[in-house]
Structure formats: C-alpha cells, structure tokens
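Peer 1: Sharing a structure below in structure tokens format, with a few things to ask.
The values are calculated or read from the model by the stated rules, or taken from the named source; none is laboratory data. From a predicted model like this one, the values you see are computed outputs, not experimental measurements. All Cβ positions, glycine included, derive from the backbone under ideal geometry; neighbour counts span all protein chains shown.
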Amino acid sequence: MAAAAVLDLNLGYPGVDDSKRLRPEARERAAELIRERAVCWALAVKSAAQVDELNPLRASMLAMAEAFGALKVKPGLALADGNAAPPIDGARVVSVVRGDSRSLSVAAASVLAKTARDAMMAELDLLYPLYGFACHKGYGTREHLEAIRRHGPSPVHRLSFRGVLPEGPGRAGKGGKPGNPGGSGRSGGLF
C-alpha cells in the first residue's frame, strides 16, 4: 500500500505525524483531516502475488509511482519516504530517509497508507477469519505464523515471505532464495 498527498500548507493539520507514532484512533482522525483538507491524495496497492513477483522494494516503488500518477494535481517535486526513489515521470524526486518523521506531506501519505492498509486487513479478516488479519494487520507475529502453519497460506499471503511456505525448492519470489523474503524492502507484512 502506498499513498501520495498534496497538502495546502496554509491549512493546519493538527495531529498529523508519522503513522507509527500515532495510536489507531489518532491515525483515523488524522486520515480524515488529511482527506478533508488536502489539495488531493491517492492510494495504490500491489497484491501479494505482485510483491512475490517483483520483490517488496520494487513493488513499493511502483505503488508509490502509481499513487503519484493518480494525483489530480501533480507537483513538480515528489518527496519519497526511504532511501530509494520511485520511478516518477514529470517531477523531481527526492528520497527522504525517515521522511514520515521529517516532512508533513510524507507523514500525511504514511497515515493514509496505514489506515487504508488496516481497513483492508479488517476486510480480509472477514474473508479469512482463521488468520486474525484484523489483530496483527498482516505482520509476521507469532500468532499469524502459527495460523499459517495450522491452516496453510491463504490466497492473499505473500508466498515468498519466510515462514509462509516450508523451506526448500518451490518457494515463490523472483530472485529470492528459500528462506529469503524475496528481496529487499522495508515492508514487514506478510500481506
């Protein structure tokens, strides 16, 4: 999941911060404020199968580029969270390490992406109740990995993530070795 946001900096965005610093209720309030006050915003998502095929970093970069491309107003400068630059045409891209704690725009995008991902996990929990998606939000918790061991992976699990399939031949993920999450990237989620 990736998001892009163009903010009107003449308006206030109280409560908007790095999504990891906010409690769920505060994140939801911040997301509502961003959606109301932003000049425009957009989301993009890559499926588990796409992440397996591309690897987490490449999938993340493409999702960021798609979110930027979906904006109704295209700024000339795009700030990207992290140390890699997504392939964005028509704008200068600057990578900002820990951008969600250093830039209001990046923080706003992180809040939108996190709340959208959490909502998606709640929906997946209804479809696949054996896995507890609403509780662990797709991250590789002990409970989540135990559910996978008990029930096998669901259609929405990343098969290249360590712990989803047994070690050895037949694991999914281009360029990944057995036991490797399928490439480098910051995403720790199984979905």
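Peer 1: Just the residues that are under 16 Å from the mean Cα position of the chain (by Cα) and in a strand (DSSP E or B), please, taken from region 17-45.
Peer 2: If the condition is that a residue be under 16 Å from the mean Cα position of the chain (by Cα) and in a strand (DSSP E or B), then Trp41, Ala42, Leu43, Ala44 are the ones that fit.
Peer 1: Before we move on, is Ala63 at pLDDT 95 or above, buried (at least 22 other Cβ atoms within 10 Å of the Cβ) and either over 14 Å from the mean Cα position of the chain (by Cα) or not in a loop (DSSP other than H, G, I, E, B) (or both)?
Peer 2: yes
Peer 1: Among the numbered criteria (1) modelled with pLDDT of 95 or more; (2) closer than 19 Å to Pro24 by Cβ, which single criterion is violated by Arg102?
Peer 2: (2)
Peer 1: Looking only at residues in region 154-165 that are surrounded by 20 or more Cβ atoms within 10 Å (Cβ to Cβ) and without any contact (Cβ under 8 Å) to a residue 60 or more places away in the chain, which one is nearest to Glu53 (Cα to Cα)?
Peer 2: Result: Phe161.
Peer 1: Could you look through region 123-146, keep only residues that are aliphatic (A, V, I, L, M) and at pLDDT 95 or above, and pick out the one that is surrounded by the fewest Cβ atoms within 10 Å (Cβ to Cβ)?
Peer 2: Among those residues, the one meeting the criterion is Leu126.
Peer 1: Exactly one condition in (1) buried (at least 18 other Cβ atoms within 10 Å of the Cβ); (2) modelled with pLDDT of 50 or more is false for Gly189; which is it?
Peer 2: Answer for Gly189: the failing condition is (2).
Peer 1: Any idea which of Asp81, Asp125 is within 30 Å of Leu9 (Cα to Cα), touching a helix residue (DSSP H, G or I) at 6+ places or on another chain (Cβ under 9 Å) and among the acidic types (Asp, Glu)?
Peer 2: Asp81
Peer 1: So, one more: With the condition kept exactly as written, say whether any residue in region 4-16 is part of a helix (DSSP H, G or I) and either surrounded by fewer than 20 Cβ atoms within 10 Å (Cβ to Cβ) or over 11 Å from the mean Cα position of the chain (by Cα) (or both).
Peer 2: no
Peer 1: Same structure again: Residue pairs, Cβ under 7 Å, 6 or more apart or interchain, first in region 73-97 and more than 16 Å from Ser110 (Cβ to Cβ), second of a type in the set (Val, Ile, Thr) and part of a loop (DSSP other than H, G, I, E, B). List them.
Peer 2: Short answer, once both residue conditions are applied: Val73/Val39.
Peer 1: Shifting gears a bit: How many of the residues in region 76-88 are touching a Phe, Trp or Tyr at 6+ places or on another chain (Cβ under 9 Å) and farther than 13 Å from Ser60 by Cα?
Peer 2: Residues that pass the stated criteria total 1.
Peer 1: Have a look at Asp81, Asp100, Asp89 and point out the one that is over 28 Å from Val164 (Cα atoms) and in contact with an Asp or Glu (Cβ under 7 Å, 6 or more places away or on another chain).
Peer 2: Asp100
Peer 1: I've got another one for you. Mind listing whichever residues of region 99-122 are surrounded by fewer than 19 Cβ atoms within 10 Å (Cβ to Cβ), under 16 Å from the mean Cα position of the chain (by Cα) and without any contact (Cβ under 8 Å) to a residue 40 or more places away in the chain?
Peer 2: Ala119, Ala122 - these are the residues of region 99-122 that are surrounded by fewer than 19 Cβ atoms within 10 Å (Cβ to Cβ), under 16 Å from the mean Cα position of the chain (by Cα) and without any contact (Cβ under 8 Å) to a residue 40 or more places away in the chain.
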